[in-house]
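No lab work stands behind these numbers, since they all come straight from the coordinates. The model shown is predicted, which means the values in this text are computed figures rather than measured ones. Because the Cβ atoms are built from the backbone with ideal geometry, glycine has one as well, and the counts that use them run over all protein chains shown.
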Amino acid sequence: MSLPDRDQDPLRYPQALVVMVRLPIPGLCKTRLCPPLTELQAADLYQAFLTDIGRELQSWSAPVDIWLAWHGEGGDAGELAALFPEHTYLLAQQGDSLTERMTTVFEQLFERGYRRIVMRNSDSPHLPLAFLEQAFAALQQEAGSVVLGPDLDGGYYLVGLDRPAQGLFPTQMSTDSVFQQTVEAARSRQRRVVELPAFLDVDDADDLCTFWLEFGARADVRHWATWQVIEDHGLIDQLGS
């Protein structure tokens with residue numbers, strides 16, 4: 001589903017979850033895994049991430065509109081929408097940098113009338129739905145709050161706002177100080193910062209190994225697309241070779 005017309009398709013709920021994604025095109029996604037993975041393997045793994053995130057959201061009954069904010073030149077996100085709940089909306093990211101694209105997504109959705117927006121990554125397919133619920137709950141408690149879910153590399157896997165970003169995000173989003181810079185920017189604007197538990201996002205080979213140490217030992221995830229891709233392609237053995 002594309003961006004709904006403001007008049008023809010009003011908001012179903014006052015809050016929105018945004019999943020930030022890249023199109024799973026070889027050579028254009030998860031490039032920090034290449035090598036040791038091939039570009040095709042990295043794209044297949046990322047497609048599995050999206051499949052699992054979409055499947056988990058299918059079972060989520062929270063009163064939240066879901067948006068798939070996608071990035072990828074010359075691509076089409078139409079097929080990705082089929083992985084997500086029926087009423088998921090598509091929104092093309094706009095901007096030359098991740099900072100610009102995140103800021104613009106928030107601006108566009110606040111302009112549509114949403115009061116609370118939580119943006120999550122697509123590199124943590126095993127992120128608990130409870131973390132999303134905690135983020136929305138925190139936004140309801142105090143106006144102007146900034147909810148951040150720190151990852152293990154100094155960035156964050158989630159950010160929740162109830163008003164536009166207004167310069168919160170650092171110009172460079174690929175450093176190990178992104179989380180701290182965002183916290184400092186929020187506090188300088190007298191905005192309360194709520195920190196969620198730290199969680200892993202899978203960016204490079206070391207992250208994938210860490211992910212598998214937790215994920216691969218769980219019997220309840222054998223049906224997940226991510227587990228199947230890692231197993232079928234022998235990716236963990238490949239990382240060690």
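Hand me the trypsin sites (Lys or Arg not before Pro) from segment 166-236 located in a DSSP loop with no more than 13 other Cβ atoms within 10 Å, in residue order please.
Sparse-neighbourhood loop trypsin sites (Lys or Arg not before Pro): ARG189, ARG218, ARG222.
Based on DSSP loop calls and a cut-off of at most 16 other Cβ atoms within 10 Å, the longest stretch of the chain free of exposed GluC sites (Glu not before Pro) is what?
Details: sites that count: GLU73, GLU86, GLU142.
So the longest stretch without any such site is 143-241.
At q = 0.10, 0.13, 0.18 Å⁻¹, what log₁₀ I(q)/I(0) does a Debye calculation on the Cα points of the chain give, no solvent, two decimals?
-0.46, -0.79, -1.53
Pick from PHE49, PHE215, PHE84 the residue whose mean-square fluctuation is largest in a GNM of the chain, springs joining Cα atoms under 10 Å.
Top of the fluctuation ranking is PHE215.
Would you mind listing how long segment 114-241 runs along its three principal axes, going by Cα atoms, in whole Å with the largest first?
Extents along the principal axes, in whole Å: 49, 28, 20.
For the pair ASP176/THR210, report the inter-label distance in nm, with labels modelled 7 Å from Cα in the Cβ direction.
Simple spin-label model gives 1.1 nm for this pair.
In which sequence would CYS29, CYS34, CYS209 go, from the one with the fewest C-beta neighbours within 10 Å to the one with the most?
Details: CYS29 23, CYS34 18, CYS209 15.
Least to most surrounded, the residues fall as CYS209, CYS34, CYS29.
Compute the Rg/Rh shape ratio of segment 54-192: radius of gyration over Kirkwood radius, all on alpha-carbon atoms. Walk me through the intermediate numbers first.
Working: Rg = 14.7 Å, Rh = 15.8 Å.
Using Cα coordinates only, the ratio equals 0.94.
If you filter segment 9-106 for trypsin sites (Lys or Arg not before Pro), then keep DSSP loop positions with at most 16 other Cβ within 10 Å, what is left? Mind dumping the intermediate values first?
On the way: sites: ARG12, ARG22, LYS30, ARG32, ARG55, ARG101; in loops: ARG12, LYS30.
Loop-located and lightly packed - ARG12.
Between ARG115 and GLU86, what is the label-to-label distance in nm when each label sits 7 Å out along the Cα-to-Cβ direction?
Those two pseudo-labels are separated by 2.7 nm.
Counting just the Cα atoms, what span does segment 52-103 cover along each of its three principal axes? Round to the nearest Å and put the largest first.
34, 22, 17
Excluding PHE110 itself, calculate the net charge of residues whose Cβ lies under 11 Å from the Cβ of PHE110, where each Lys or Arg counts +1 and each Asp or Glu counts -1. If you can, show how the numbers build up before the last one.
Values: positive: ARG112, ARG115, ARG116, ARG163; negative: GLU107, GLU111, ASP162.
Charge balance in the 11 Å sphere: +1.
With a point put 7 Å past each Cα toward its Cβ, work out how far GLN58 is from GLN190 in nm, to one decimal.
4.8
Stretch ALA217-GLN166 to full length: gain in nm at 0.36 nm per residue minus the Cα-Cα span? Display every interim value, and only then the final one.
Details: separation 51, 0.36 × 51 = 18.36 nm, distance 4.23 nm.
14.1 nm is the gain from fully extending ALA217 to GLN166.
Please build a GNM for the chain, connecting alpha carbons under 10 Å apart, and tell me which residue among HIS223, HIS126, HIS87 fluctuates the most.
Comparing HIS223, HIS126, HIS87 in the GNM, the peak value goes to HIS223.
Could you check which residue among ALA185, ALA82, ALA217 shows the biggest mean-square fluctuation in a GNM of the chain with a 10 Å Cα cutoff?
Among ALA185, ALA82, ALA217, the largest GNM mean-square fluctuation belongs to ALA217.
Between GLU73 and LEU11, what's the calculated FRET efficiency when r is the beta-carbon distance and R0 is 35 Å? Round to 0.05. Intermediate values should be presented prior to the final figure.
Working: r = 30 Å, r/R0 = 0.85.
After rounding, the FRET efficiency stands at 0.75.
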